[in-house]
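Below is one structure, written out as structure tokens; the observations come after it.
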Amino acid sequence: MSARRAAAAAAAGAGAGAAAGAGADRARVALALGALLLGACAPLPRYSDLAMSQRPSPNFNERRPSFVVLHHTGNSNASRALGTLTDPATQVSAHFLVERDGAIRYLVDELKRAWHAGPAWWGGPLDMNSASIGIELDNDGAEPYPKAQIEALLALLADLRQRYRVPAPNFLAHGDIAPGRKVDPGVNFPWKLLAAHGFGPWCDPPFDPAPAGLDAGTLLGALGYDVSDYEAAVGAFKRRFAGTESRQMDEEDRSRLYCLLLRKWAARGD
């Protein structure tokens, strides 16, 4: 075969290959578009008995959680906690359980509503079960939290933050949203360490004094606490941010509270 014929044959082969590749690409795009259109045109589930017509829209995505609530199990071992969290009779669950050795158990679909928070208030009455991811920590409520468990928790929180863009102030204690009813994850939980990784606000002394005229109840309410039971709100605040079990608020506490409120507003861009 002459050089000219060989070149022509090679060019023809290359052209055919390119055409086949382009055809395959078009087929893949067509399949993807077809799947999208079929999804958009799929009948919607019916929840109402009212007469109505359907016009399914393709413009939607999954709902995403905007809070993370941390709990302790109050149990002496993870097996007992797993039994409680997976027993239909208890009607209690969480999305994740982090065991003492750092093992993570995935219990409820992140996009589904786990039953972990109960009646809640944070800046107002809130269906926290619908708005949050619930994480149980295998801890009896009195013991220190092991390093392996906290390292696993930090990795899990970083993963959730990256995927759901949870704001730093929205990493909460169960005791924060239910003061007087709940105390977990308890006074031994290392909130300062979590704050250093961007999970929640923190302030260390010395504090700038809070403005005169701003009473502690107003500041607690602005931070998010339910102050209908003032002493319970003080107890929840001091448990988390001062590491003490007390229902007494002094001037240093008020200045700490004002500092935290400024941090919360800064994180929101207020």
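The values are calculated or read from the model by the stated rules, or taken from the named source; none is laboratory data. These numbers come from a predicted model, not from an experiment. So basically every Cβ, Gly included, is an ideal-geometry build from the backbone, and we count neighbours across all protein chains shown. Note: accessible area is taken over every heavy atom of the protein model, side chains too, but ligands, DNA and RNA are not part of it. Shrake-Rupley method; radii C 1.70, N 1.55, O 1.52, S 1.80 Å.
What is the calculated FRET efficiency for Thr244 to Tyr47, with r their C-beta to C-beta distance and R₀ = 51 Å, to the nearest 0.05? Each step should come with its number before you reach the end.
On the way: r = 48 Å, r/R0 = 0.94.
E(calc), rounded to 0.05, equals 0.60.
Solvent-accessible surface (1.4 Å probe) assigned to Ser228 amounts to roughly 100 Å². Here Leu214 sits with roughly 60 square angstrom of accessible surface, probe radius 1.4 Å. Residues Thr86, Thr244 ordered from highest to lowest accessible area at a 1.4 Å probe: Thr86, Thr244. For the residue pairs Lys112/Lys182; Lys182/Lys264; Lys112/Lys238, alpha carbon separations beyond 27 Å are given by Lys112/Lys238.
For Pro201, the shell of other residues with beta-carbons less than 12 Å away shows a net charge of +4, using +1 for Lys and Arg and -1 for Asp and Glu.
Put Thr84, Thr73 in order of accessible area, highest first, and with a 1.4 Å probe you get Thr84, Thr73. Placing pseudo-labels 7 Å out from each Cα toward the beta carbon at Ser57 and Asn77 gives an inter-label distance of 5.3 nm. Scalar couplings 3J(HN,Hα) for the stretch 139-156, obtained by applying the Karplus form with A = 6.51, B = -1.76, C = 1.60 to θ = phi - 60°, are 7, 7, x, 10, 7, x, 8, x, 4, 4, 5, 5, 4, 5, 4, 4, 5, 5 Hz; x denotes Gly and Pro.
Would you rank Lys182, Lys112 by solvent-accessible area, highest first, keeping every protein chain in place and using a 1.4 Å probe? Numbers along the way, then the final one.
Details: Lys182 75, Lys112 125 Å².
So the residues, ranked largest to smallest area, are Lys112, Lys182.
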